[in-house]
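The values are calculated or read from the model by the stated rules, or taken from the named source; none is laboratory data. All of these numbers come straight from a predicted model, not from anything done at the bench. Methodologically, a virtual Cβ is constructed for each residue, glycine included, from the backbone with ideal geometry; neighbour enumeration extends over all protein chains shown. To get the accessible areas, we keep the full protein, side chains included, count just its heavy atoms, and leave off ligands, DNA and RNA. Shrake-Rupley method; radii C 1.70, N 1.55, O 1.52, S 1.80 Å.
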Amino acid sequence: MVTVQLRHNDVTVARLPDVVAFDTITELRPQLLALLEESGCRHLVLDMSSIDYFDSSGLAMLLGVRHRSQAAGAALTLAAPPSFISRMLDITQAITLLTVAPSVHEALRTRHRTRRDDAQGAEQG
């Protein structure tokens with residue numbers, strides 16, 4: 001089950017469970033999509049720090065959620081993936097499609113800085 005850790009303005013932080021695999025994605029996918037569809041969610045941060053097992057079904061689910069987030073105009077950031085997931089992202093080249101941050105804090109800080117830079121650019125342009 002996905003656990004919402006934070007909702008603030010247009011940002012939602014949710015922690016993924018310890019197992020993200022074929023047996024669990026049928027429950028997880030609708031929960032993640034529901035978070036994206038909530039009014040006002042422009043940035044979904046997925047805290048991956050507690051994952052102990054993750055298989056290719058989990059990766060396919062994350063790529064599908066990324067696709068839906070882009071269609072909705074929302075950002076998706078994977079935060080604090082364990083090293084075995086980082087290796088999977090590198091090997092499969094999914095790292096070129098997904099935004100990854102070393103921690104939830106960094107994901108939020110980077111998003112804040114990007115939004116501030118975008119606003120400054122709009123004022124100057």
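Of all positions in the stretch 75-82, at least one carries a residue that is surrounded by 14 or more Cβ atoms within 10 Å (Cβ to Cβ) and more than 19 Å from M1 (Cα to Cα). Pairs are defined by a Cβ separation below 6 Å, a sequence spacing of at least 6 or placement on different chains, a first member in the stretch 3-32 that is of a type in the set (K, R), and a second member that is open to solvent by less than 20 Å² (accessible area, probe 1.4 Å); the pairs so defined are R15/D47; R29/M61.
Among the residues of the stretch 50-98, those that are under 12 Å from the mean Cα position of the chain (by Cα), assigned to a helix (DSSP H, G or I) and polar (S, T, N, Q) comprise S69, Q70.
Say whether the condition of being among the acidic types (D, E), modelled with pLDDT of 95 or more and crowded, with 18+ Cβ neighbours inside 10 Å is met by at least one residue in the stretch 40-52. Taking every residue of the stretch 40-52 in turn, at least one turns out to be among the acidic types (D, E), modelled with pLDDT of 95 or more and crowded, with 18+ Cβ neighbours inside 10 Å. Among the candidates V2, V19, the residue that is within 22 Å of P102 (Cα to Cα), open to solvent by less than 40 Å² (accessible area, probe 1.4 Å) and either modelled with pLDDT of 95 or more or among the aliphatic types (A, V, I, L, M) (or both) is uniquely V2.
Being at pLDDT below 95 and surrounded by fewer than 20 Cβ atoms within 10 Å (Cβ to Cβ) holds for only one residue in R7, R29, and it is R7. In the set (1) touching a strand residue (DSSP E or B) at 6+ places or on another chain (Cβ under 6 Å); (2) open to solvent by 30 Å² or more (accessible area, probe 1.4 Å), the condition left unmet by A60 is number (1). Inspection of the stretch 49-67 identifies at least one residue that is over 23 Å from N9 (Cα atoms) and of a type in the set (D, E).
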